[in-house]
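Undergrad: For reference, the structure I am asking about is given below.
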Amino acid sequence: MWSRRALFGAGAGAAATAALAAVAGPASAAGDDATASIGNGGPHVIPKDRIGLQVFTVRTLVPTSLEIGGTLEVVAEAGVKEIELAGTYYDKTTVEIRSIAESLGIRVASNHFGPRSLDAPNPWATAQGRAQLFQEAHSLGLPIVGTGSTIGIINEFTEDSFRAMADLFNEWGEDAVRNGFDGFFFHNHDREFAIVNGRPLFDILLEETDPRYVKFEVDLGWVSVAGEDPYEYLRRHQSRFPMFHIKDIRWDPNGPRVAAAGTTNAGRRFGFADLGKGDVDWVRTLSALKDLRAHRYFIEHDDAGNLSLNPAGAPNTVWRGAKHLSQLTTRPGRR
């Protein structure tokens, strides 16, 4: 296992060393105990055991000499208590990766099951495929199962295709509940908020899925990219949202990314930012929630490991994100 103090001698290569060196900044600011400032939580303060990370954020560290164990130690020292996997177990079994995480005081709380490319079969499409996913999910100790993409589910973004997708989600969610889970969840990007006949397609999923079986992991950054108000979605539908991706963005006319076609912000350029360094008003957004303890919060930064876009590196992103969430206090009734 790797400690933060041993990282500088890891010999993980120039890129990894540059990324890992960034740990020193937030670490010094936070003190040796990264969790010291993280409160026990309450209706308006995120509990320390609900501060999580989507592992996709630190994916560039795993192929270095850190491997998954050392990567998760960096994550743990930042104060992260839960992780969401990104559809891979990093050459480990489900039992092994759960054991590694738990040895560091981290709970594996979620995973994005399903195909990662158009060439792969969709395991959700058959009872046999779902049975395999459910077995893996039970082994990981997950309370809910879901997917993070429309890949392998629909080929076009129309009202009819979204209604058909809602029917599938109902079927998969009912199957998940029968197998001991809280249901099925879907994770959004910006393109699901394309405007058709005056409203976002995403609204069809909310309206035509059964709340008993289908939930949503709302990526609040992508909602903002699309040009919708994440506060309003949380205010109206929070009982459907057990988990969030907490992703910050910065609007930039020369940014490396472009908002999806069909959305309110179609064509507008932006880049991802460390939490609290972008344009999302997190106090306002999360103030829509009645009780912060009822949800999970996975920090995510898609380009954290790209040193040309994020010179401070992925470890710095995790430290800053965990610190920002730990210090955030919402203001009920704020609009």
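The values are calculated or read from the model by the stated rules, or taken from the named source; none is laboratory data. Everything numeric here is computed off the predicted structure, so don't read it as measured data. Virtual Cβ from ideal backbone geometry, glycine too; neighbours counted across all protein chains shown. What goes into the accessible areas is simple: the full protein's heavy atoms, side chains included, and nothing from ligands, DNA or RNA. Shrake-Rupley method; radii C 1.70, N 1.55, O 1.52, S 1.80 Å.
Undergrad: Select from the stretch 220-236 the residues that are open to solvent by 30 Å² or more (accessible area, probe 1.4 Å) and in a helix (DSSP H, G or I) and list them in ascending order.
TA: Narrowing the stretch 220-236 to residues open to solvent by 30 Å² or more (accessible area, probe 1.4 Å): 227-229, 232, 235-236.
Within the stretch 220-236, 232, 235, 236 qualify.
Undergrad: What number of residues within the stretch 75-87 satisfy the criterion of being open to solvent by 10 Å² or more (accessible area, probe 1.4 Å) and either basic (Lys, Arg) or touching a Leu at 6+ places or on another chain (Cβ under 7 Å) (or both)? Even if it seems obvious, please write down each step before you answer.
TA: The initial filter retains those residues of the stretch 75-87 that are open to solvent by 10 Å² or more (accessible area, probe 1.4 Å), namely 76-77, 81, 86-87.
Subset that is either basic (Lys, Arg) or touching a Leu at 6+ places or on another chain (Cβ under 7 Å) (or both): 76, 81.
Qualifying residue count, the stretch 75-87: 2.
Undergrad: Please list, ordered by first then second residue, the pairs with beta carbon atoms under 6 Å, 6 or more apart or interchain, first in the stretch 304-325 and on the phi < 0 side of the Ramachandran plot, second open to solvent by 60 Å² or more (accessible area, probe 1.4 Å).
TA: From residues that are on the phi < 0 side of the Ramachandran plot, the pairs are 305/60.
Undergrad: Does the stretch 152-170 hold any residues that are surrounded by fewer than 16 Cβ atoms within 10 Å (Cβ to Cβ) and not hydroxyl-bearing (Ser, Thr, Tyr), and which are they? Lay out the reasoning, then the answer.
TA: Of the residues in the stretch 152-170, the ones surrounded by fewer than 16 Cβ atoms within 10 Å (Cβ to Cβ) are 154-156, 158-160, 163-164, 167.
Once the filter is applied, which keeps residues that are surrounded by fewer than 16 Cβ atoms within 10 Å (Cβ to Cβ) and not hydroxyl-bearing (Ser, Thr, Tyr), the stretch 152-170 yields 154, 155, 156, 159, 160, 163, 164, 167.
Undergrad: Kindly provide the set of residues from the stretch 171-201 that are under 20 Å from residue 86 (Cα atoms) and either loosely packed, with under 15 Cβ neighbours inside 10 Å or of a type in the set (Lys, Arg) (or both), ordered by number.
TA: Result: 191, single match.
Undergrad: Filter the stretch 117-151 down to residues that are farther than 17 Å from residue 182 by Cα and β-branched (Val, Ile, Thr) and give me whichever is least open to solvent (accessible area, probe 1.4 Å).
TA: Only one residue fits best here, namely 150.
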